[in-house]
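The structure that follows is given in the form of structure tokens.
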Amino acid sequence: MHICYYDSTNGNLKYAVGRGSTWDTDIADGDQYDDVGEYCDIALNSTGLPGISYFKASAPNVWYVYFDGDDWSTPEHVEPDASPGFGYSGEYTSIKYGSNDVPHISYSGDIWQQGNTRNLKYAWRTGVPPMLWSIQVVDWAELGGYYSSLELTTDTDDAVIAYQRVNPATAIGSLWLVEQLSGWWQAPVPLVQGSGQPGAGMYTSLELGPEGRKAVVCADQTSTGPYITASDLKFRAYNDLTESWEPAQTVDDEGSYLVGFHSSLAFDPSIRSGVNCYPAISYMKRLPSSVAEYLMFARWW
């Protein structure tokens, strides 16, 4: 098991690997002058070595670092620094390796010279040293790209991204999905419309099943007002036979609990309904007035 995380005490990006009953930890990026590692995500290449995307506050943008088997690489600045006063990029990163171990990253960020907007952005490495990156703005919504979750199709490396888009007029978020078809971006599709504030689409987790089936989970904040007092865990899947999205399902809506935080979705290949694998979800649950959190598990039977 491989984990990346932000060490808020020391401002470092850290990495941990489980070896049986023990864990080994290491600093992947960070020193006394940096504050690095927020919004991090990890992926393994074809040889099982980790690469990490993350946000560096001291040089505010998205960064990438990888382990070569002996040591961590020199961190790569994926997107050039924005001009002073024009914001930054690199929040809510999600990373996957495609064919030939090319890293692909989705994240939320500003558009250069357009002020403090938040947009869904997508980067992939296209060069050799000095490691050039190509960057696209995928969704030009004024407030979008939050909680991005990226997957790549196995046959074409087409990207599929689930994320939250927020209506700037109402501050209500909704879950959206956008995908490539033979390298061309299709129009973004709304999947779960938020009803409260900050709405649906938080803690999004997207997964492609072994057969390519798309499914996504997220937290839907159903309360109103300045404090989050209620939320549900939502699930929605694509039906390849009808070529349409099935209706959204509420997996857990236990009363006054905050449900669906830090969700993670996977398919169990050992249990199938026809060609489709059954989904399994881990997530957090807690009472709004309590700091105690519960790790929950839901499975389709």
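The values are calculated or read from the model by the stated rules, or taken from the named source; none is laboratory data. Here the structure is a predicted model, which means the values were calculated and not measured. As a convention, Cβ positions derive from the backbone with ideal geometry for all residues, glycine included, and neighbour counts pool all protein chains shown.
Mind listing just one residue for me: the one in the range 153-173 that is of a type outside the set (V, I, T) and surrounded by fewer than 22 Cβ atoms within 10 Å (Cβ to Cβ) and, of those, farthest from N119 (Cα to Cα)?
The residue in question is D155.
Out of the residues in the range 131-152 that are at positive phi and in contact with a Lys or Arg (Cβ under 7 Å, 6 or more places away or on another chain), state the one that is surrounded by the most Cβ atoms within 10 Å (Cβ to Cβ).
Checked the range 131-152; the qualifying residue surrounded by the most Cβ atoms within 10 Å (Cβ to Cβ) is G145.
Of everything in the range 217-232, what is modelled with pLDDT of 90 or more and more than 17 Å from Y278 (Cα to Cα)? Give them in sequence order.
C218, A219, D220, D232
Quickly run through the range 233-258 and pick out the residues that are assigned to a loop (DSSP other than H, G, I, E, B) and among the β-branched types (V, I, T).
Residue satisfying the conditions is T242 alone.
Which residue, of D110, D101, D81, is outside the structural domain of Y163 (by TED's automatic domain parsing), modelled with pLDDT of 90 or more and either charged (D, E, K, R) or touching a helix residue (DSSP H, G or I) at 6+ places or on another chain (Cβ under 9 Å) (or both)?
D101
For F267, indicate whether it is within 27 Å of I172 (Cα to Cα) and assigned to a strand (DSSP E or B).
no
On to the next question. Has the range 139-152 got any residue that is modelled with pLDDT of 85 or more and touching a helix residue (DSSP H, G or I) at 6+ places or on another chain (Cβ under 9 Å)? Quick ask: steps written out before the conclusion?
If we filter the range 139-152 for residues that are modelled with pLDDT of 85 or more, which is where we start, we get 139-140, 143-152.
Narrowing further to those that are touching a helix residue (DSSP H, G or I) at 6+ places or on another chain (Cβ under 9 Å): 152.
Scanning the range 139-152 turns up at least one residue that is modelled with pLDDT of 85 or more and touching a helix residue (DSSP H, G or I) at 6+ places or on another chain (Cβ under 9 Å).
Could you tell me whether any residue of the range 219-232 is part of a strand (DSSP E or B), of a type outside the set (A, V, I, L, M), surrounded by fewer than 20 Cβ atoms within 10 Å (Cβ to Cβ) and touching a strand residue (DSSP E or B) at 6+ places or on another chain (Cβ under 9 Å)?
No, every residue in the range 219-232 fails to be part of a strand (DSSP E or B), of a type outside the set (A, V, I, L, M), surrounded by fewer than 20 Cβ atoms within 10 Å (Cβ to Cβ) and touching a strand residue (DSSP E or B) at 6+ places or on another chain (Cβ under 9 Å).
Let me ask something else. In this structure, is F261 surrounded by fewer than 19 Cβ atoms within 10 Å (Cβ to Cβ), assigned by TED's automatic domain parsing to the domain that holds Y163 and in contact with a strand residue (DSSP E or B) (Cβ under 9 Å, 6 or more places away or on another chain)?
Yes.
Further question: Filter the range 44-78 down to the residues that are surrounded by fewer than 20 Cβ atoms within 10 Å (Cβ to Cβ) and small (G, A, S), then identify the one that is farthest from S149 (Cα to Cα).
If we take residues in the range 44-78 being surrounded by fewer than 20 Cβ atoms within 10 Å (Cβ to Cβ) and small (G, A, S), then G69 is farthest from S149 (Cα to Cα).
Give the range 270-301 a look and list any residue that's in a strand (DSSP E or B), over 25 Å from the mean Cα position of the chain (by Cα) and surrounded by 12 or more Cβ atoms within 10 Å (Cβ to Cβ), or say none. Steps first, answer last, please.
Our first condition is that a residue be in a strand (DSSP E or B); within the range 270-301, this holds for 270-273, 276-286, 294-299.
After this cut, where a residue has to be over 25 Å from the mean Cα position of the chain (by Cα) as well, the list is 270-273.
Within the range 270-301, I271, R272 qualify.
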